Each structure stands twice: as structure tokens, then as C-alpha cells.
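Novice: The structure is given below, and queries will be raised subsequently.
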Amino acid sequence: MKYHTLKPFPEGFLWGASTSAYQVEGAYLEDGKGLSVSDTAAIPEGTTNFNVASDHYHHYKEDIALLAEMGFKEYRFSIAWPRIIPDGDGEINPKGVEFYNNLINEIVKYNITPVVTLYHFDLPQALQDKYGGWASRQCIEDYVRYVKVCFENYGDRVHYWLTINEQNMMVIYHPYPSEKAKYQCNHHMLLAQARAMIECHKMLPDSKIAPAPNITCQYPASSSPEDYLAAMDYDQLRNRMYLDTAVFGKYPEAFMEYLRQNDAEPEIQDGDMEILAAGKPDFIAFNYYGGGTMKYISYEDGKEAKNKPGEFMVGLMTEPGLAQGAPNPLQKRTSYGMGIDPTGLRITLRQLWERYHLPLLITENGCGVPDKLEEDGSIHDDYRIDYLRVHIQACQEAITDGVNLMGYSPWSAIDLVSTHQGVTKRYGFIYVNRDEFDLKDMARYKKDSFYWYKKVIASNGQDLD
Ligand code: BG6
């Protein structure tokens with residue numbers, strides 16, 4: 001529906017933006033840091049690795065000052081587990097602890113609220129080598145030990161924590177030896193998350209903690225009842241599997257039956273469901289990049305349809321007997337094929353609020369495209385402003401719908417290395433002067449979107465022109 005008048009953004013709304021450690025920090029082996037699985041992953045040809053990234057490790061003071069100049073109320077970043085515990089389960093690295101102490105001090109100095117992701121795609125490589133990472137229940141214990149180190153060291157200044165970034169994307173899109181192995185890893189991550197929520201509430205009673213999956217509404221590809229059901233089923237696979245378990249401590253029933261009938265059900269030990277039920281989030285953080293579109297696909301046709309690399313980026317995955325991603329001619333897309341779908345954001349906000357009745361925080365949303373640095377140091381990224389504007393309007397519509405939205409933290413605060421598409425695909429308000437392979441001078445430049453977002457924040461979302 002369209003309203004005649006929109007409610008204003010609430011006082012104290014958390015305007016900010018996000019980054020993750022391995023995509024922005026660089027210094028991948030400095031001061032005792034261990035390797036992560038992201039440091040060792042195969043890099044697509046023609047794109048850079050994460051070794052230097054935006055060199056935020058050495059530029060953090062300058063970077064945080066720029067965020068403060070934009071008027072940030074909130075900054076979401078992640079702590080690299082292998083910087084704190086280089087081999088994942090051994091000695092604590094004092095230099096790593098010190099780096100985040102300094103970073104957090106710098107953030108709070110400007111009255112910016114830190115929102116900390118405890119784990120963003122960078123499992124210590126040593127744990128992957130030692131016992132296969134999340135395939136082993138031991139990973140739950142090591143994750144819990146690591147998050148307790150973070151709570152102990154930073155809990156006096158950090159009051160918002162995120163357990164695991166995009167667990168659903170790690171489960172759905174990464175290769176696993178079998179579907180059963182995939183959902184076993186998922187089960188271990190869910191237990192680790194629940195344990196982190198329990199520990200956080202015990203150790204830091206004034207802090208709040210949330211899961212941070214990538215959540216997006218699912219449209220049926222046609223008006224056929226089969227496609228409607230496929231969209232519903234994919235919603236269970238992609239969204240509810242992660243949030244029903246986090247909030248209600250229960251797996252979604254229909255999808256679990258599907259796993260059972262396809263020999264993919266995880267092994268659940270005595271006491272596991274009690275742990276899932278006991279770990280309660282205080283809010284829901286989620287990343288949003290555009291709604292998915294689903295059609296029904298039979299087991300037979302689904303087996304024939306192979307997922308191709310990169311298809312997940314544009315939501316074209318196949319789940320035999322359940323659903324297959326379909327192109328949506330009615331949805332606008334960026335030059336990289338990612339959706340530009342603000343109404344999908346409003347729908348997603350509504351669905352989450354109506355299902356879970358917990359405050360919501362948008363922890364990613366953004367426009368990754370190449371930018372051009374002009375000779376005078378300006379960057380005219382009107383496409384990014386247009387993208388953000390319509391999504392912020394959708395947030396205001398959702399607030400008018402009654403959704404309790406705490407904040408908007410798009411991707412990304414500063415240019416960084418994209419997960420699969422290098423630094424040419426830029427997301428930031430701040431341009432970092434480097435190319436894929438030429439590190440140049442790493443100087444920071446303010447994009448047009450920097451000045452625009454500063455006005456948006458100063459007006460608490462009223463001035464979007
Ligand atoms: C999210 C991740 O999936 O999307 C980020 O949490 C990532 O780490 C972002 O950078 C954008 O995707 P990409 O592949 O363009 O970097």
C-alpha cells in the first residue's frame with residue numbers, strides 16, 4: 001500500500017555502514033595473525049587477493065575520522081578470529097587483541113556505536129586443516145572460547161554483537177562432500193551461535209546479540225500454485241532455517257522433512273535442541289541485496305540442472321524437487337547482475353517483523369559497481385546515491401507499516417575487496433586509491449555519496465535529495 005504520509009525515522013536511529021575484517025584490513029600476516037580460510041581460498045583470475053585489501057589495519061584512524069565526519073551513529077565491523085587466536089584454539093595473540101582495542105577506542109571516541117561481527121567468513125585455516133572446520137563439533141567449543149575472549153576484552157565498550165555473518169550463504173553456496181555433511185556443518189554453526197548468545201547474556205547482561213544472515217523475500221516466478229509453493233519452500237531453505245532456529249530454537253518442519261527424505265538430515269545429539277532453545281537473540285541483523293524469484297523444479301529436471309559458478313550472486317540456484325531460481329524481468333539489476341529491489345526490502349522487513357517481533361537492523365545493502373576517480377579527486381557515484389535513496393525510502397515505508405527498525409548499515413563504509421570480484425566492484429562512500437594489482441598510494445577520497453549520506457544522517461533520513 002501507499003501511505004499519504006510516512007512516519008519519521010525514530011530518534012536514535014543507527015545510521016552507519018559496514019565492513020568485514022578480511023575484506024578491508026589487509027596486514028594478513030602482520031603482528032602474529034594466523035591465516036584464515038579466506039586468505040587461502042582460490043582467487044578468480046584477474047582479481048586481487050585479500051592480503052592488503054584497503055590497508056585499514058594501518059589507516060584505521062584516518063578511516064574512522066572520515067566515518068565520524070559523515071556523522072555515523074554506528075559502525076559495523078568484524079573481528080578476525082585468526083588475529084585474536086592465530087591457530088584458532090591455542091595462544092591468544094596480544095597484538096591482535098591490542099589492534100581491536102585501539103580500533104574500538106577510536107570508534108567510541110567519536111560517539112559512534114560499534115556493532116561487532118564475531119565471525120565473517122574467516123575461520124582460522126588451522127582449524128580447517130586440523131579437523132575440517134565446522135564439520136567437527138570441536139569447532140563449536142573453539143568458537144565459544146574465541147567469542148568469550150572478545151566479550152572479556154571488548155564488552156565494556158561494545159554493546160551490540162553479531163554471531164556469524166551470512167551462515168546461510170556459507171551453507172547454501174559452498175561445496176560440501178554431501179548434502180548431509182552440509183547440514184551437519186550448519187547444525188554445528190547453529191549450536192555455536194546459540195552458545196555465543198547464552199555466554200553473551202551471562203557475561204554482558206547489558207549487551208545485545210543477534211544472528212546476521214542474508215535474508216531476502218522470495219517471489220513465485222509465475223502465478224502457478226506450484227511456483228508459489230516453491231517460493232515458500234525456498235524461504236524455509238534460505239531464510240527460516242536460520243532464523244526460526246535462532247529465535248524459536250526449532251527447525252522449520254517442512255524443510256526438515258525434505259532433508260529427512262533426501263538423506264540430508266543432520267545428526268542431532270541429546271541436549272542439542274535444548275541449547276538451540278536456550279540461546280535467544282535480542283534483535284535480528286540481516287543483509288539484503290534484492291528479492292529472489294523461484295519456480296518449481298522436479299527431482300529429475302533438478303538433477304540435470306547444474307549450478308554454475310557465480311549463479312548464486314544473482315539467485316539462480318537449483319534445489320531438486322523443491323525450487324529453482326528464475327530470472328525476473330521485472331527486477332532492475334546492477335552491472336554485476338545483483339538486484340535493485342527496494343520493495344523487496346520492505347517486504348523482507350515486514351515478513352521478519354511479523355514472524356519474529358524482534359527489532360531489526362539492516363547490516364548490509366549496497367551497490368557494488370566500478371567508480372571513476374576524476375583528476376580533481378572527485379567521484380561522481382550518482383548510481384549509488386540513487387540505489388541507497390530508494391532503499392532508505394523503503395525503510396521509512398516499513399517503519400510506517402509498524403516495523404521496529406533500529407538502523408541502516410549499508411555495505412560498505414569504505415571501498416574494500418569484494419568476496420569474488422576484486423576491488424573494481426566498489427561499494428564504499430570512501431574511495432580507496434588502488435587497482436586490482438597496482439596498490440598505488442591507498443589514499444582516501446570522498447565520493448559524492450559521502451556528502452549525500454552526511455546530509456541524510458544529519459537530517460535523520462528526511463533529506464534524501
Ligand atoms: C555479503 C557479504 O554477502 O555481500 C559481504 O557479507 C560481501 O562480505 C557482500 O562483500 C557483497 O558481495 P560481493 O560478493 O559483491 O562482495
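Novice: Quick check of the Kirkwood formula: for region 102-168, what is the inverse mean of 1/r over all pairs of different Cα atoms, in Å?
Specialist: 13.3 Å
Novice: At a probe radius of 1.4 Å, what is the per-residue accessible area of Arg350, in Å² to the nearest 10?
Specialist: The accessible area comes out at roughly 70 Å².
Novice: Got a sec? Charge dipole of region 233-301, +1 on Cβ for Lys and Arg, -1 for Asp and Glu; which of Gly290, Ala277, Leu243 is way out at the positive end?
Specialist: Gly290
Novice: What Rg and what Dmax come out for region 312-465 when only alpha-carbon atoms are used, in angstroms?
Specialist: Calculated on Cα positions, Rg and Dmax stand at 17.2, 56 Å.
Novice: Considering amide H positions built from the backbone, and no H for Pro or chain starts, which residues 5 or more places from Tyr219, or on another chain, come under 5 Å of its amide H?
Specialist: Hits under the 5 Å cutoff: Gly292, Thr293, Met294.
Novice: Would you mind estimating how fast region 171-300 diffuses translationally, via Stokes-Einstein at 4 °C and 1.567 mPa s with the Kirkwood radius over Cα pairs, in µm²/s?
Specialist: The diffusion coefficient I find is 82 µm²/s.
Novice: Related question: Take Thr5, Thr19, Thr113 and sort them by solvent-accessible surface of the protein heavy atoms, 1.4 Å probe, largest at the top.
Specialist: Thr5, Thr113, Thr19
Novice: Follow-up. Tell me, Kirkwood radius of region 1-61 from alpha-carbon pair distances, in Å?
Specialist: 14.9 Å
Novice: Given region 252-383, what whole percent of its Cα pairs are spread farther than 26 Å?
Specialist: Percentage above 26 Å: 47.
Novice: When every alpha-carbon pair in region 320-390 is counted, what percent end up more than 13 Å apart?
Specialist: 76 percent
Novice: Mind jotting down a quarter of the surface of the convex hull over the alpha carbons of region 378-456, in square nanometres, one decimal?
Specialist: 6.1 nm²
Novice: Is it possible to state the helix-based mean residue ellipticity at 222 nm for the chain, with each DSSP H run of 4+ residues giving -39500 (n - 2.57), the sum divided by total residues, to the nearest 500 deg cm²/dmol? What is it?
Specialist: Calculated at 222 nm, the ellipticity per residue is -12000 deg cm²/dmol.
Novice: Now for a different question. Express the relative contact order of region 1-158 as a whole percentage, based on alpha carbon pairs under 8 Å and six or more residues apart in sequence.
Specialist: Computed value for region 1-158: 27 percent relative contact order.
Novice: Determine the per residue accessible area of the chain with all protein chains present and a 1.4 angstrom probe, expressed in square angstrom.
Specialist: 39 Å²
Novice: Can you give the alpha-carbon Rg of region 79-196 over 2.2 N^0.38 Å, where N counts its residues?
Specialist: 1.10
Novice: How many percent of the accessible area of region 364-465 is carbon or sulfur, using a 1.4 Å probe?
Specialist: C and S atoms contribute 50 percent here.
Novice: Quick one: 3J(HN,Hα) in Hz for region 50-55, Karplus 6.51/-1.76/1.60 with θ = phi - 60°, rounded, Gly and Pro as x.
Specialist: Those phi angles translate into 9, 4, 10, 6, 9, 6 Hz.
Novice: Can you pull the three principal axis extents for the Cα set of the chain, in Å, largest first?
Specialist: 59, 57, 46
Novice: Equivalent ellipsoid semi-axes for region 1-151, as square roots of 5 times the alpha carbon gyration tensor eigenvalues: give them largest first, rounded to whole Å.
Specialist: In descending order the semi-axes read 31, 19, 17 Å.
Novice: Okay, next question. Order the following by accessible area, largest value first: Asp122, Asp386. Probe radius 1.4 Å; ligands, DNA and RNA are ignored.
Specialist: Asp386, Asp122
Novice: Quick one: which residues, 5 or more positions from Ile209 or on another chain, have an amide H under 5 Å from its amide H? H modelled 1.01 Å from N in the peptide plane, none for Pro or chain starts.
Specialist: Sorted by chain and number, the residues that satisfy this are Trp161, Asp282, Phe283.
Novice: Hey, another quick one. Just to be sure I understand the rule: take each whole DSSP H helix in the chain, project its Cα atoms onto its long axis, keep it if the span is 30 Å or more and its mean Kyte-Doolittle hydropathy is at least 0.0. Which ones pass?
Specialist: none
Novice: Step through the table entries Lys425/Lys447; Lys95/Lys208; Lys372/Lys447; Lys148/Lys202; Lys182/Lys208, compare each Cα-Cα distance with 20 Å, and write down the pairs that go over it.
Specialist: Going by Cα-Cα distance, Lys95/Lys208; Lys182/Lys208 fall outside the 20 Å limit.
The values are calculated or read from the model by the stated rules, or taken from the named source; none is laboratory data. Note that the structure is predicted; figures quoted are calculated from it, not measured. Backbone-built Cβ (ideal geometry, glycine too); neighbour counts: all protein chains shown. Accessible surface is based on the protein model in full, side chains and every heavy atom, while ligands, DNA and RNA are left aside. Shrake-Rupley method; radii C 1.70, N 1.55, O 1.52, S 1.80 Å.
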